[in-house]
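Reviewing the structure listed below.
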Amino acid sequence: LSEAGVMAFEYGFSLDFPEALVLWEAQFGDFVNAAQVIWDQFLSSAEDKWKHLSGLGLLLPHAFEGQGPEHSSARLERFLASCANDNVQVCYPTTPAQMFHLLRRQAKRTLRKPLVVMTPKSLLRHARATSKLDELASGRFQRVIADTHPTPKTGKVERVLLCTGKVYYDLEEAREKRGSDTPILRVEQLYPLAKDELMNALARYADGAKVVWVQE
């Protein structure tokens, strides 16, 4: 397998053609294992070491979805471990509109930063992972998506769930089955973390609600 060579080529192309949207997509997320050295030595660190700016995007089909060994996790935690000083972007969009606006932002912004995107294959055909045409035609990438679910009639929220990625749809389905009013907030950009946007989304529940992180 030649992931290291291909990713290195795309990295070089992104340096030589910075105005292009250059994307490298793994067949399955953990295939990036074979290109780990390119991530460590170049994508995550070249800006600091050599002042080389790259906007290369990595699309990593992610999560255990019945495909077997070496066809599963993109090891999100591995990328987060190398985040420091705004060196990269790590995102996990949950809708087609979010994906569109994320790639549009990557193409149009003048600041070039490597982009890591978790892209579960199951969301390609998930009945709930849809967007209306006007959601693509307008708007922007939301680093945090607040919950639009009606608040309890009592006005009291006991706890708020924070999650990222496809597990949101599992939580949403479970909430409907249980008839629950628990808010679910989506953190679509894990790094750099949009702290102000997250705090604003949580502000409406500031009356003592417990905040719980749900890990897929």
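What do you reckon, is Ala81 in contact with a His (Cβ under 7 Å, 6 or more places away or on another chain) and farther than 21 Å from Met99 by Cα? Show your work before the answer.
Details: in contact with a His (Cβ under 7 Å, 6 or more places away or on another chain): no; farther than 21 Å from Met99 by Cα: yes.
Against the criterion (in contact with a His (Cβ under 7 Å, 6 or more places away or on another chain) and farther than 21 Å from Met99 by Cα), Ala81 does not qualify.
Can you say whether Pro150 is of a type outside the set (Gly, Ala, Ser), surrounded by 13 or more Cβ atoms within 10 Å (Cβ to Cβ) and without any contact (Cβ under 8 Å) to a residue 40 or more places away in the chain, as far as the supplied structure shows? Spell out how you get there, then give the answer.
Working: of a type outside the set (Gly, Ala, Ser): yes; surrounded by 13 or more Cβ atoms within 10 Å (Cβ to Cβ): no; without any contact (Cβ under 8 Å) to a residue 40 or more places away in the chain: yes.
Judged against the criteria, Pro150 is not a match.
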Given (1) open to solvent by 50 Å² or more (accessible area, probe 1.4 Å); (2) in contact (Cβ under 8 Å) with a residue 12 or more places away in the chain; (3) outside any loop (DSSP other than H, G, I, E, B), Lys156 misses just (3)
Please list, ordered by first then second residue, the pairs with beta carbon atoms under 6 Å, 6 or more apart or interchain, first in the range 54-70 and under 14 Å from Gly12 (Cα atoms), second of a type in the set (Asp, Glu).
Leu56/Glu10
Do the conditions hold for Leu136, that is, is it aliphatic (A, V, I, L, M) and under 23 Å from Ala107 (Cβ atoms)?
yes
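Restricting to the range 31-87, give me the number of residues that are open to solvent by less than 30 Å² (accessible area, probe 1.4 Å) and not aromatic (Phe, Trp, Tyr).
In the first step, residues of the range 31-87 are kept if they are open to solvent by less than 30 Å² (accessible area, probe 1.4 Å); the result is 32, 35, 38-39, 43-46, 54-63, 72-74, 76, 79, 83, 87.
Now restrict to residues that are not aromatic (Phe, Trp, Tyr): 32, 35, 38, 43-46, 54-63, 72-74, 76, 83, 87.
Adding up the residues that qualify gives 23.
Counting residues that are touching a residue at least 12 places away in the same chain (Cβ under 8 Å) and either in contact with a helix residue (DSSP H, G or I) (Cβ under 7 Å, 6 or more places away or on another chain) or of a type in the set (S, T, N, Q) (or both), which strands (runs of 3 or more DSSP E) fully inside the range 170-216 reach at least 3?
Strands (runs of 3 or more DSSP E) meeting the threshold: 184-187, 189-191.
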Just give me the residues in the range 108-142 being open to solvent by 20 Å² or more (accessible area, probe 1.4 Å) and of a type in the set (A, V, I, L, M), in sequence order.
Leu111, Leu123, Leu124, Ala127, Leu133, Leu136, Ala137
Of the residues in the range 168-197, those that are of a type outside the set (Ser, Thr, Tyr), closer than 21 Å to Cys83 by Cβ and open to solvent by 20 Å² or more (accessible area, probe 1.4 Å) number 7
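The values are calculated or read from the model by the stated rules, or taken from the named source; none is laboratory data. Everything numeric in this text was worked out from a predicted model, so none of it was measured. Cβ sites come from the backbone with ideal geometry, for glycine too, and all protein chains shown count toward neighbours. Surface accessibility is based on the protein's heavy atoms, side chains included, excluding ligands, DNA and RNA. Shrake-Rupley method; radii C 1.70, N 1.55, O 1.52, S 1.80 Å.
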